[in-house]
Amino acid sequence: MEAVRLPAAGVNAAERFTTRVTANHRLSAKAFELTLVKPLHFDFSAGQRLRLEFDGVQRDYSIASAPAEADLRLCIRQVEGGRLSEHLARAGADVRLAFSGPFGYFTFRTSSHPAVFVATGTGIAPFCAMAGSGVCGFTLLHGVETAADLYYRDFLQARATAYVACLSASPPGGPAHFPGRVTDYLQNRLEPRTYDFYLCGRQDMIRDTTLLVDAQFPGSLVYTETFY
Ligand SMILES: Cc1cc2nc3c(=O)[nH]c(=O)nc-3n(C[C@H](O)[C@H](O)[C@H](O)COP(=O)(O)OP(=O)(O)OC[C@H]3O[C@@H](n4cnc5c(N)ncnc54)[C@H](O)[C@@H]3O)c2cc1C
């Protein structure tokens, strides 16, 4: 595996903007989608993120909407006791927020190797932006606990060559899925060859997947975006 070292996040010149909430809807018991007015001069690339500010707290969120969309959409996990996500989960229409951005280099790169997108939970957000901006033909693994957390499933399935729901706590029945973690699927089911891997979500998944790629998919590239 060739480690791809990208410039440190946040070094690009980012502007500060003000916006307001236009919609806030539940994606599952643990996650919600926040829709914000897109400021006139805010431009970004699919896969980038912004930094929301409220009451002295700053947190980064990947943008789930495509650059060509009229609004900005964020896919956010409601963290129990979380200083910002709990506030955002309750934010109704017209709540005003400030943000800076865009930040980051987690963008899709055209390649001769097939792309494998791996997300845990709300780590699906940048892949929604990529798919919404025309990227298709990828393999996508979405690791969540139960099928209720497979937000954006239909949208992504329509654009993927293979969409694999990896459910770690799945009761019998329900939609077709792989019963286990994304790393179990990669280890036991993904055809051995050279890929471009894009990993987004929890750092333990990113660490374990990177080690696995090293061992099982020589020559592959790994791009990462770590949430926490
Ligand atoms: C580059 C980047 C992009 C990100 N993009 C997204 C995104 O698109 N969607 C999204 O939901 N989050 C995203 N995050 C995480 C986000 O920035 C916040 O960390 C998260 O919303 C928690 O903030 P909080 O203020 O609510 O919780 P805090 O007050 O910061 O934390 C409260 C407690 O929860 C724990 N915790 C923090 N985050 C999580 C989590 N995700 N799950 C479980 N426990 C947690 C903390 O360790 C702490 O103990 C991103 C983070 C980074 C660095």
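Relative contact order (percent) for the range 106-226, with alpha-carbon contacts under 8 angstrom and 6 or more residues of separation?
28
How high is the relative contact order of the chain, in percent, counting Cα pairs under 8 Å that sit 6 or more residues apart?
Relative contact order of the chain: 21 percent.
Rg to Rh ratio, the range 106-226, alpha-carbon atoms and Kirkwood radius?
Here the Rg-to-Rh quotient is 0.93.
At 222 nm, what helix-only mean residue ellipticity would the chain give, in deg cm²/dmol to the nearest 500, using -39500 (n - 2.57) for each DSSP H run of four or more?
It comes out at -4500 deg cm²/dmol, rounded to the nearest 500.
Quick one: what does P(r) look like for the chain with 5 Å bins over all Cα pairs, in whole %?
1, 7, 15, 19, 20, 16, 12, 7, 3, 1
Among SER168, VAL213, GLY134, whose Cα lies farthest out toward the positive end of the dipole of the range 106-226, if unit charges sit on the beta carbon of Lys, Arg (+1) and Asp, Glu (-1)?
Of the options given, the answer is GLY134.
Nearest 5 percent is fine: what portion of the DSSP beta bridges confined to the chain is antiparallel?
In the chain, DSSP labels about 50 percent of beta bridges as antiparallel.
How high is the relative contact order of the range 15-103, given as a whole-number percent (alpha carbon pairs under 8 Å, six or more residues apart)?
Normalised by residue count, the contact order of the range 15-103 is 41 percent.
Nothing charged except the Cβ atoms of Lys and Arg (+1) and of Asp and Glu (-1): what's the magnitude of the dipole of the chain about its Cα centre? Round to the nearest 20 debye.
200
Can you give the FRET efficiency to the nearest 0.05 for ALA176 and ALA98, using r as the Cβ-Cβ distance and R₀ = 41 Å?
E between ALA176 and ALA98, to the nearest 0.05, is 0.45.
With the dipole of the range 15-103 worked out from charges on the C-beta (+1 for Lys and Arg, -1 for Asp and Glu) around the Cα centre, which of ALA66, THR18, LEU84 lies farthest toward the positive end?
LEU84
Quick note: the coordinates plus some simple rules give every number you see, no bench work behind them. If you're wondering where the values come from, they're calculated on a predicted model, not measured in any experiment. Glycine also receives a Cβ, built like all others from the backbone with ideal geometry; neighbour counts cover every protein chain displayed.
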